[in-house]
Amino acid sequence: MDELDRRLINRLQLGLPLVPQPWQVLAEELGSSSEQLRERLQRLLDDGTLTRFGPMFDIERLGGAFTLAALKVPEARFEAVAAVLAAMPEVAHNYRREHPWNMWFVLGCASLEALNDALRRIEQGTGLTPLNLPKEQTYHVGLYFPV
Amino acid sequence: MSCPLDSTQRLALRRLLESGLPLLPRPYQALAQQIGAQEQQVLAQLDQWQQQGLFRRLGLVLNHRALGFTANAMLVLDIPDALIDEVGQRLGREPQVSLCYQRPRRLPQWRYNLFCMVHGRQRERVEAQIAGLLERHQLSDLPYQLLFSTQAFKQCGGRFAPVGARPHG
């Protein structure tokens, strides 16, 4: 990754402009060409540095449901339980954390019913009862990773 | 003024965008062609969705671990109910805090109701930032815990997100 890649990533975290030729705008800002920027972005997506480019719709405003959930998984079963979650398309991501509640994951579903059903299936599939911690209030959302 | 997209076109546009924005010189025109609309109509629709908060921006999802952000802490605090809005708003204004939410307690297993994410490259630095944060806001005496992530099992650039829900790790 070179300096232009970094500047491109930082700039795109703020969003692509809503104009007919957005790459022209960025090319002028970054002192590059529209074509070069698109090639760079394609490469960063291909090599896994970036996982997505485009709008992320807020599933809750579309009638869907999200939650943060946790499991207390016995160490010997950790990989097996992680595999159960990995196989579920509702699980957006899953992290091990240093805590007795050692597995933390986000569930996204088309409806609250589907979400509760996914939680039930996790409980049945693992024998472990998830902590269900849906957000009640948002105080701040400002993900930005300067690279 | 271009006329708005009809509901079939809106749905088709949303479906197309699930796989991301095409990497073309005129991406909005390419999308418009696929749904039988004009570029201006697509731009107007996206602008409207953005203003309505259906999405925040036409942005990126980073593999933040691959980019070196491996020291990622979830700070959880047990804040008295009467104070949570005030404390949540104050912590949310701190530049190191990328996400700040109230979540329910689940007693007796889980007592913490305020969640803050702090992402960084070095654990010691993130720990020091959080210690400073707690001190400045006079929260060091309240029950809190720091949950660092140590391994990512699944991080996909999903199609949907609650506003800013990812990445958590």
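None of the figures in this text is laboratory data; all of them are computed from the coordinates on show. All values reported here derive from a predicted model rather than from experimental measurement. Don't worry about glycine lacking a Cβ; one is built from the backbone with ideal geometry, like all the others, and counts go over all protein chains shown.
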Summarise the partner chain shielding of B:122-132 as one whole number: the mean count of Cβ atoms from other chains within 10 Å of each residue's Cβ.
-> 0
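Mean Kyte-Doolittle of at least 1.0 plus a Cα span of 27 Å or more along the axis: flag which DSSP H helices in chain B meet both, please.
Qualifying helices, which must be both long enough and hydrophobic enough, do not occur.
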Cβ-derived FRET efficiency at R0 41 Å, B:Gln33 paired with A:Arg6, nearest 0.05 = 0.80
For labels at B:Leu11 and A:Glu98 in the simple 7 Å Cα→Cβ model, what's the distance in nm?
-> 5.0 nm
Distance in nm between label sites at A:Ser111 and B:Gln52, each 7 Å beyond Cα in the beta-carbon direction?
-> 2.0 nm
Give the relative contact order (percent, whole number) for segment A:1-144; include only Cα pairs under 8 Å separated by 6+ residues.
-> 21 percent
Can you give the mean number of other chain Cβ atoms that lie within 10 Å of the Cβ atoms in peptide A:97-103?
-> 5
Efficiency of FRET between A:Glu79 and A:Val141 - r from beta-carbon atoms, R0 41 angstrom, step 0.05 = 0.80
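May I ask you to derive the relative contact order of chain B, considering only C-alpha pairs under 8 Å and at least 6 residues apart, and to give it as an integer percent?
Relative contact order comes out at 23 percent.
FRET efficiency for B:Glu135 and B:Leu83, Cβ-Cβ distance as r, R0 = 22 Å, nearest 0.05?
The pair B:Glu135/B:Leu83 has a calculated efficiency of 0.80.
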If the label point sits 7 Å along Cα→Cβ of B:Gln109, residues of segment A:64-88 with amide N under 17 Å come out as A:67-75, A:77-78, A:81-82, A:85
Inter-part gap, Cα centre of segment A:49-89 to Cα centre of segment B:46-121, in whole angstrom, is 16 Å
So what is the relative contact order for segment B:7-52, in percent, with contacts set as C-alpha pairs under 8 Å and at least six apart?
-> 30 percent
Report the trypsin sites (Lys or Arg not before Pro) located in segment A:34-124 that are in a DSSP loop and have at most 16 other Cβ atoms inside 10 Å of their Cβ, or state none.
-> A:Arg61, A:Lys72
Please name which of B:Val118, B:Gln138, B:Ala128 has its Cα lying farthest along the dipole of segment B:71-148 towards the positive end, using unit charges on Cβ (Lys, Arg +1; Asp, Glu -1) and the Cα centre as origin.
-> B:Val118
